[in-house]
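Written below as structure tokens is the structure these notes are about.
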Amino acid sequence: MPNIAAERLHRLASTIVRAAGSNEDEAKAVADHLVVANLTGHDSHGVGMLPDYVKNSRIKVLVPNQTLKVVRDVGAVLVLDAGRGYGQTMARDAMKLGAERARQLGCAVVGLRNSSHVGRIGFWAEQCAAEGLMSLHFVNVADHDPLQAPFGCSSARLGTNPFCIGIPGADGKPMLLLDMATSAIAFGKARVARNKGLPVPVGVLIDADGTPTTDPTTYVDTRKGALLSFGLHKGSGLAIFCEILGGAMIGGQTIAPHHERLDGIVNSMFSLIVDPAVFGDLDTMRQEVQAVIDWIKASPPAPGFEAVLMPGEPESHARAQRSRDGIPIDPKSLGDIIAAGVSVGLTEAELRQIVEG
């Protein structure tokens with residue numbers, strides 16, 4: 001099947017989300033977020049999430065059209081509860097509140113808890129960067145069985161627990177953006193590999209016996225086995241702090257087994273949002289940032305590499321290419337998305353018309 005234009009995927013996603021109960025604003029926000037994830041090359045967090053969203057809405061562990069609740073407001077600190085609302089609207093509104101507070105006070109700490117899937121975390125760093133703000137995000141994942149085996153463990157004990165940091169660019173330069181799961185790959189990347197009939201890389205997955213494997217099928221279909229942390233003890237340590245900061249410290253649900261698991265997706269996110277201007281002369285700061293970037297990129301590429309890239313550049317390159325050439329969606333993933341749409345009252349014919357024209 002040929003690649004699908006971003007505009008068609010956006011219409012497909014918004015149509016399904018609206019049919020599942022969301023208002024127009026929410027349906028657009030969810031579609032915006034998912035399609036941008038696909039455009040930036042992160043198919044694990046793109047429109048392939050729609051079947052999970054529809055399922056979670058149906059079993060009422062995701063609540064459409066939810067309103068963000070301010071639980072605590074203490075100067076630079078905001079604690080917010082999403083009430084299991086769509087993460088695409090709950091995190092959007094949380095980052096808006098945090099940005100307003102950071103502009104007033106120089107920085108803000110935002111604890112967003114009890115949100116449904118907040119999606120690609122880099123999207124929220126991009127939202128902050130568009131306001132000229134630096135941001136740092138620690139996220140935990142709860143409400144379903146654990147997915148990641150920390151260093152030294154033979155079974156899953158944590159979620160994929162993403163970490164993200166973004167620094168706005170200046171004078172037309174792209175922002176610096178590091179957005180990553182603390183597991184060696186995100187669960188969604190294992191799902192995409194399963195759907196395409198491909199193995200996952202060596203060293204990222206163990207089976208139910210703790211034995212290394214490259215076959216994602218059993219893991220994705222039954223959750224037996226675990227993703228490994230990236231970077232051995234280093235990634236594992238960061239994953240643990242994502243759990244503590246993103247979940248425990250702000251009053252969110254953790255992965256610990258005393259919490260009931262309803263087989264949904266609950267994210268809590270600890271975000272630090274900073275106005276760089278509070279540290280001094282912005283022009284000098286930006287010059288130093290660019291000097292560091294130029295110094296690193298001036299290195300000859302190592303064998304096997306075509307160029308030295310900064311964090312965020314692969315996403316920028318993917319977005320340019322996919323905006324031009326369309327977004328690849330494998331047949332199984334597209335079939336699952338269409339089946340999700342049919343389950344909320346749409347017809348296969350109208351959904352395929354959106355995709356195929």
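The values are calculated or read from the model by the stated rules, or taken from the named source; none is laboratory data. Keep in mind it's a predicted model, so treat the numbers as computed, not measured. Please note: Cβ atoms are built from the backbone with ideal geometry, for glycine as well, and neighbour counts cover all protein chains shown.
Of Pro303, Pro328, which residue is free of Cβ contacts under 8 Å to residues at least 12 places away in the same chain and farther than 30 Å from Pro150 by Cα?
After ruling out the rest, the residue left standing is Pro303.
Since Gly41 meets every condition but one in (1) on the phi > 0 side of the Ramachandran plot; (2) free of Cβ contacts under 8 Å to residues at least 12 places away in the same chain, which condition does it not meet?
With (1) on the phi > 0 side of the Ramachandran plot; (2) free of Cβ contacts under 8 Å to residues at least 12 places away in the same chain applied to Gly41, the lone miss is (2).
Is it true that some residue in region 335-342 is part of a loop (DSSP other than H, G, I, E, B) and at pLDDT 95 or above?
The answer is no; no qualifying residue exists.
Which ones in region 334-349 are among the charged types (D, E, K, R) and surrounded by 14 or more Cβ atoms within 10 Å (Cβ to Cβ)?
Asp336
Could you run through region 195-234 and say how many residues are acidic (Asp, Glu) and either crowded, with 21+ Cβ neighbours inside 10 Å or within 23 Å of Asp330 (Cα to Cα) (or both)?
So the answer is 2.
Say whether the condition of being surrounded by fewer than 23 Cβ atoms within 10 Å (Cβ to Cβ), free of Cβ contacts under 8 Å to residues at least 12 places away in the same chain and not assigned by TED's automatic domain parsing to the domain that holds Trp124 is met by at least one residue in region 178-194.
No, that holds for no residue.
Could you tell me whether region 176-187 includes any residue that is assigned to a loop (DSSP other than H, G, I, E, B), more than 22 Å from Ile327 (Cα to Cα) and of a type in the set (Ser, Thr, Tyr)?
Taking every residue of region 176-187 in turn, at least one turns out to be assigned to a loop (DSSP other than H, G, I, E, B), more than 22 Å from Ile327 (Cα to Cα) and of a type in the set (Ser, Thr, Tyr).
Mind checking whether some residue in region 248-263 is farther than 23 Å from Gly122 by Cβ, touching a Phe, Trp or Tyr at 6+ places or on another chain (Cβ under 7 Å) and surrounded by 12 or more Cβ atoms within 10 Å (Cβ to Cβ)?
No, there is no match, as no residue in region 248-263 is farther than 23 Å from Gly122 by Cβ, touching a Phe, Trp or Tyr at 6+ places or on another chain (Cβ under 7 Å) and surrounded by 12 or more Cβ atoms within 10 Å (Cβ to Cβ).
For Ile265, are the conditions met, namely being outside the structural domain of Glu356 (by TED's automatic domain parsing) and modelled with pLDDT of 95 or more?
When the stated conditions are applied, Ile265 passes them.
Quick check on my filter: what residues within region 1-21 are surrounded by fewer than 24 Cβ atoms within 10 Å (Cβ to Cβ) and either touching a residue at least 24 places away in the same chain (Cβ under 8 Å) or over 18 Å from Glu350 (Cα atoms) (or both)?
Met1, Pro2, Asn3, Ile4, Ala5, Ala6, Arg8, His10, Arg11, Thr15, Ala19, Gly21
Find the residue count for region 81-100, including only residues that are surrounded by 20 or more Cβ atoms within 10 Å (Cβ to Cβ) and either under 13 Å from Asp275 (Cα atoms) or at pLDDT below 95 (or both).
Qualifying residue count for the region: 2.
Taking only region 44-55 into account, find how many residues are surrounded by 21 or more Cβ atoms within 10 Å (Cβ to Cβ) and either free of Cβ contacts under 8 Å to residues at least 40 places away in the same chain or in a helix (DSSP H, G or I) (or both).
8
For Arg58, all conditions in the list (1) surrounded by 18 or more Cβ atoms within 10 Å (Cβ to Cβ); (2) at pLDDT 95 or above hold save one; what is the number of the exception?
Only one criterion in (1) surrounded by 18 or more Cβ atoms within 10 Å (Cβ to Cβ); (2) at pLDDT 95 or above is unmet by Arg58, namely (1).
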